[in-house]
Amino acid sequence: MTTTLSADEALLYRAVVISLFTWRRAEPDDRLDDDQRMGWWGDSFPAIAGDRIGSRLWLLRRRTITPEVLRLAVDYAHEALRWMVEDDLVARVAVQSFNTVRGRLDLLVTLYDDAGATLAQFNFNDLWQIAHAV
C-alpha cells in the first residue's frame, strides 16, 4: 500500500487485513490439500454463538487460478468481511477478484457508507505473497 491513509481508513484497513488473512477453520465439506483444517483457537469459545474470525482464502493457496477460484475468492472474502456490515461499521462491502498476472490472485475490497459513498478501497496484489507475509 503506497498511499497515506487517514486514521479512519487505517482502522478499516487493519480490520480488513485481519479478516482476510486470519485463517478461518475449514467447513466439513471444504476441499482440503491435506488433513489440516486450520482455524483460530479462539473460535472454539466465541462470545456470540457461531461468531468466527478470518477467511477461508487459505483453501485456495494451491489451486490454479480459474474462474471458479476467482469466484470462491470473492465468496470467501465476503464471508470474512460480513461482520463489518452486521456490526454497522460499513453499510456495504464489495469485493472483486482478478488474475492480472499468470498465477497471481488480486483482490479489490471497497467499503461503502449508508449514502453509497466509498469509505475506503483496498487493493491486495498477489494474495498469496501477502498471506504468507502477514
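Go through the residues of region 7-17 one by one and say whether even a single one is under 23 Å from Asn123 (Cβ atoms), loosely packed, with under 11 Cβ neighbours inside 10 Å and of a type outside the set (A, V, I, L, M, F, W, C). Checked against the condition, which is being under 23 Å from Asn123 (Cβ atoms), loosely packed, with under 11 Cβ neighbours inside 10 Å and of a type outside the set (A, V, I, L, M, F, W, C), region 7-17 yields at least one hit. The set of residues in region 61-85 being touching a residue at least 60 places away in the same chain (Cβ under 8 Å) and more than 13 Å from Val17 (Cα to Cα) consists of Arg61, Trp83. For region 2-22, the condition of being in a loop (DSSP other than H, G, I, E, B), farther than 14 Å from Trp83 by Cα and among the acidic types (Asp, Glu) holds for none of the residues. Screening Thr66 against (1) surrounded by 13 or more Cβ atoms within 10 Å (Cβ to Cβ); (2) under 25 Å from Arg31 (Cβ atoms) leaves a single unmet condition, (1). Looking at region 22-34, I want the residues that are surrounded by fewer than 17 Cβ atoms within 10 Å (Cβ to Cβ) and have a partner that is modelled with pLDDT of 80 or more and not in a loop (DSSP other than H, G, I, E, B) with Cβ atoms under 6 Å, at least 6 apart or on another chain. Which pairs are those? Filtered contacts from region 22-34: Asp30/Leu59. Remark: Asp106 matches the filter, which requires a residue to be in contact with a strand residue (DSSP E or B) (Cβ under 6 Å, 6 or more places away or on another chain) and touching a residue at least 12 places away in the same chain (Cβ under 8 Å). A single member of Ala49, Ala10, Ala73 is at negative phi and under 13 Å from the mean Cα position of the chain (by Cα), and it is Ala73.
When only residues in region 1-59 that are in contact with a helix residue (DSSP H, G or I) (Cβ under 9 Å, 6 or more places away or on another chain) and among the aromatic types (Phe, Trp, Tyr) count, which is nearest to Leu108 (Cα to Cα)? This residue is Phe21.
Which of the residues spanning region 100-116 are of a type in the set (S, T, N, Q) and within 16 Å of the chain's Cα centre (by Cα)? Listed by number, the list holds a single entry, Thr110.
Looking across region 21-50, just one residue is hydroxyl-bearing (Ser, Thr, Tyr) and at pLDDT 75 or above, and that is Thr22.
Taken over region 23-72, the criterion of being in a helix (DSSP H, G or I) and either among the acidic types (Asp, Glu) or farther than 26 Å from Gln96 by Cβ (or both) is satisfied by Trp41, Gly42, Asp43, Ser44, Glu68.
Counting just the residues of region 13-46 that are basic (Lys, Arg) and under 14 Å from the mean Cα position of the chain (by Cα), which one comes out nearest to Arg92 (Cα to Cα)? Result: Arg14.
The values are calculated or read from the model by the stated rules, or taken from the named source; none is laboratory data. This structure is a prediction, so every number in the text was calculated from the model and none was measured. Neighbour counts are summed over all protein chains in view; Cβ atoms, including those assigned to glycine, are modelled from backbone coordinates with ideal geometry.
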